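One structure is given here, and the rest of the page talks about it.
The values are calculated or read from the model by the stated rules, or taken from the named source; none is laboratory data. Treat the numbers as computed from the prediction; the structure is a model and nothing was measured. All Cβ positions, glycine included, derive from the backbone under ideal geometry; neighbour counts span all protein chains shown.
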């Protein structure tokens, strides 16, 4: 049996077949007597001649998809391809039909296409099994046919056919055997890349599929270079033809495996109009004197020839690895040489670091690009998933995770933010409904410390794992909110809830919701896979806030939306939460440094406030004694009162005795409970948050000791002024309100109702 049956075309024939495959119809010329037979098969007459007819028929769905795939690989620069679907490769005594065959100087791709008119789920196990079983036989036949070894890759592409999870798992297990499944979204990503980069897309493809594998069929790059640096901090300086970097060595994506993400990376990093301007500059004879900066992510070799101080002259040999050098700066200068006609005879100066740690190369990238006008803060947020991909630095991991969470909220169809987030890397045409900015959403997550490791809110073992965990919680939370007031949510930026400011406020509230559930319920409420309970709790707890928003006038909601300052956003959040905070302690963390309050109620007067202050102090001392006795029993004074507080009390008693000696017996004989009257407000706070006492008291107050400290601070401030009437004039209305409401909170914590 022949190794191959059917036609493989190249050069002129390849261009002719390309023209045929771009059409949505099949055209043939037949003798007139055969017209009836073809008409019965669905053919239609296009043109009539004397003895013959030109007839046509629409291509079927499967043929259209195969042609679409064929055209992509042709556009990527493959020089030999199958003429039609009649190509077969022998496998022992059998043969295998090949839908798309694509060959360049070093690689051969064998592609199976599965398509359907309507979206359907299908188990492709049989097809996968056949490909894997016949794979070695196909390779053997093609090696015999070409009398040369190539790198063989097998692809299974689908359109409107959804593989099962098991299918995808099998493909994942066979990546090192060069078998891949592409869904149509992945195929489209390469198609879009090819529209911008033409046949260079082939090298992007190789750097994705064959990461860390040796380059096949490409000459080893050896160039004169200067080496500087010491130890692990070495760098090289050299000049090189752009072509040698572009042919599989350099890359700008950060090791993403998802073609869609890589497409966005290239769109983010390479501005199309800027590339065209640079390309035109190069064609007119322009050149660049400033360095391309890159980092070898696979180790090069360097042979020393001479040495002058710390500078070493020698020959640098690039690693023969796909995607071995990440371009940190100069992407446009390098990629401007594509299709310029100058990529082989021009030279670029390059500064290349040798395996710089990810944290440092990411920092260098950010530092360089922050100084360059074209890179905005939004674009940096867009780039963090690329530049911080392999970083071990926790801060960089957090930034990367935040960006990926927001992008997932934008890309997942079940997300309430689906297609609503503007990404700098995407064109306006593809973001018609997007009105939320990537930066503001990312900042909302960051400033609320939702995924910070030490906060333990949505952090889940690692930042990579946290991405999905946080996405699910945020998706459900925003979904519940959007369904609670859809009339406003659907107005997008013209409404309140789904505006940029509204979303910032909702993220402020989300933090308080998670803290509240953690304190009064359990984290499992929102971390459980089934989110029904979380959704119910969200509706139950936040119902009053949603009602408050519903009852606002459009003017009131618009006013909040116009307050873009961070402090005003927090203040507006406090206003929304105030009533709920007063009833349930919800959101009290927002007031741990003070903040907005409605002022003293009109029915209050200075005399009543003073009585409340005095009563609160007495009741606090009684409450503390009561709880310490419950905790320590008869040893409450010894174990619950720290030595410095006891010394403070003893010193006060001694002063009293020195002033009034006749009180000595009375003071020494009184119960220790009475001695607490000598302590200050600051001492009372310290007794509550003392490490050994805290477990007894935290159930009554809040888990955050800073909140308690703040409440006591403002209570002490108002107390000190009211206990010395001459100081009342120094008390501002803001401080008076803060003191009053923090006192009311302390009273509520210890069980006082007014």
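Evaluating residue 278 against the criteria (1) touching a helix residue (DSSP H, G or I) at 6+ places or on another chain (Cβ under 6 Å); (2) surrounded by 14 or more Cβ atoms within 10 Å (Cβ to Cβ); (3) in contact (Cβ under 8 Å) with a residue 60 or more places away in the chain; (4) not in a strand (DSSP E or B) leaves one unmet condition, (3). At least 2 residues being surrounded by 16 or more Cβ atoms within 10 Å (Cβ to Cβ) and outside the structural domain of residue 458 (by TED's automatic domain parsing) is the threshold, and among the helices (runs of 4 or more DSSP H) wholly inside the stretch 517-578 not one reaches it.
Looking at 67, 13, 3, which is the one that is in the same structural domain as residue 111 (by TED's automatic domain parsing) and within 15 Å of residue 98 (Cβ to Cβ)?
67
A single entry from 172, 126 fulfils the requirement of being in the same structural domain as residue 75 (by TED's automatic domain parsing), part of a helix (DSSP H, G or I), under 32 Å from the mean Cα position of the chain (by Cα) and more than 29 Å from residue 9 (Cα to Cα): 172.
Out of the residues in the stretch 131-165 that are surrounded by 14 or more Cβ atoms within 10 Å (Cβ to Cβ) and without any contact (Cβ under 8 Å) to a residue 12 or more places away in the chain, state the one that is farthest from the chain's Cα centre (by Cα). Give the steps one after another, and end with the answer.
If we filter the stretch 131-165 for residues that are surrounded by 14 or more Cβ atoms within 10 Å (Cβ to Cβ), which is where we start, we get 131-132, 134-135, 137-143, 145-146, 150-163.
Then keep just the ones that are without any contact (Cβ under 8 Å) to a residue 12 or more places away in the chain; that gives 140, 143, 146.
Details: 140: 44, 143: 44, 146: 46 Å.
Among residues in the stretch 131-165 that are surrounded by 14 or more Cβ atoms within 10 Å (Cβ to Cβ) and without any contact (Cβ under 8 Å) to a residue 12 or more places away in the chain, the one farthest from the chain's Cα centre (by Cα) is 146.
Among the residues making up the stretch 719-749, none is surrounded by 18 or more Cβ atoms within 10 Å (Cβ to Cβ) and in a loop (DSSP other than H, G, I, E, B).
If only one of 204, 278 is within 28 Å of residue 413 (Cβ to Cβ) and modelled with pLDDT of 80 or more, which one is it?
Details: 278 fails: within 28 Å of residue 413 (Cβ to Cβ).
Exactly one residue qualifies, and that residue is 204.
Restricting attention to the stretch 337-386, the residues being under 30 Å from the mean Cα position of the chain (by Cα), in a loop (DSSP other than H, G, I, E, B) and modelled with pLDDT of 90 or more number 0.
Any residue that is more than 20 Å from residue 111 (Cβ to Cβ), more than 47 Å from the chain's Cα centre (by Cα) and surrounded by 15 or more Cβ atoms within 10 Å (Cβ to Cβ) - is there at least one of those in the stretch 34-41?
yes
In the stretch 420-433, which residue that is surrounded by 14 or more Cβ atoms within 10 Å (Cβ to Cβ) and in contact with a helix residue (DSSP H, G or I) (Cβ under 8 Å, 6 or more places away or on another chain) is modelled with the lowest pLDDT? Let's see the steps before the verdict.
The initial filter retains those residues of the stretch 420-433 that are surrounded by 14 or more Cβ atoms within 10 Å (Cβ to Cβ), namely 420-426, 431.
Checking which are in contact with a helix residue (DSSP H, G or I) (Cβ under 8 Å, 6 or more places away or on another chain) leaves us with 420-426.
Details: 420: 94, 421: 94, 422: 91, 423: 86, 424: 78, 425: 68, 426: 71.
This residue is 425.
For the stretch 310-318, the criterion of a residue being surrounded by 22 or more Cβ atoms within 10 Å (Cβ to Cβ) and closer than 21 Å to residue 199 by Cα is satisfied by no position. Which ones in the stretch 287-308 are part of a loop (DSSP other than H, G, I, E, B) and surrounded by 13 or more Cβ atoms within 10 Å (Cβ to Cβ)? Scanning the stretch 287-308 gives 288, 291, 297, 298, 300.
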